[in-house]
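Derivation of every value follows stated rules applied to the coordinates shown; laboratory data play no part. The shown structure was predicted, so the numbers you read here are calculated from the model rather than taken from an experiment. Methodologically, a virtual Cβ is constructed for each residue, glycine included, from the backbone with ideal geometry; neighbour enumeration extends over all protein chains shown.
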Amino acid sequence: MRDLGNNLKSVQALASVVLAGNGATVNGTAVDLKGFNGAYVNVNTGIEGVTLASNLSISFVLQHSDDNSTFTNAVAKDVTDSAIGTTDGVFLMLDANAETPSTNSIGYIGGKRYIRTNIVFLGNHTTGTAMSIDVIKGYAIHSEGASTVTIS
């Protein structure tokens, strides 16, 4: 077995919450990847609050930034483990009831310091859908993961 605890760090990018909206975009919390050379974004969704369809959907968009101010959509060369929209950054679209509840992930190797996941509601979601987002930072440069031990 190999130690993962000193090479990974999990960050909550969106605490478990029920979200709804009418054509709204919810900007996710940016995660600083300083000290790490990769990340894995994990989206958890509960049972949908409305009947999902092509005109009533939830999309998850991966964005990245050098300065935590100006974000652009990630593209195919920036990710692993999942398909991503050519220019729109969408890596997950929920547009059918059979797609929830679910756990979906995408790997990030784009090289920018900050990433975030935006949630885009198409149509009027009068009843919310439960969701959360975690980012697992990996390939620690100095093994500063979650279980670092200090010896006095």
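Listed values, structure above:
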quantity: Computed E for T51/K77 - FRET, C-beta separation, R0 35 angstrom, nearest 0.05; calculated: 0.45
quantity: Gaussian network model of the chain, springs between alpha carbon atoms under 10 Å - residue of D95, D81, D32 with greatest fluctuation; calculated: D81
quantity: Spin-label pair S16/K34, simplified geometry with 7 Å Cα→Cβ offset, distance in nm; calculated: 3.2
quantity: Per-residue HN-Hα couplings for the stretch 24-34 [Karplus 6.51, -1.76, 1.60; θ = phi - 60°; Hz; x = Gly/Pro]; calculated: 9, 10, 9, 6, x, 6, 6, 10, 7, 9, 4
quantity: Length-normalised contact order of the stretch 9-140 in % [C-alpha pairs under 8 Å, at least 6 apart]; calculated: 50
quantity: Length added when fully stretched, N68-N27, from 0.36 nm per residue minus Cα-Cα; calculated: 13.5 nm
quantity: Cα extents of the stretch 9-140 along the three principal axes, largest first (Å); calculated: 41, 27, 26
quantity: Built amide H within the under 5 Å cut-off of V79, gap 5+; calculated: I109
quantity: In sequence order, calculated HN-Hα J values of the stretch 126-141 (Karplus, 6.51, -1.76, 1.60; Hz; x Gly/Pro); calculated: 6, 10, x, 10, 6, 7, 8, 9, 10, 10, 9, 7, x, 6, 4, 6
quantity: The stretch 103-110 - phi-based ³J(HN,Hα) in whole Hz, Karplus 6.51/-1.76/1.60, Gly and Pro as x; calculated: 10, 9, 9, 8, x, 10, 9, x
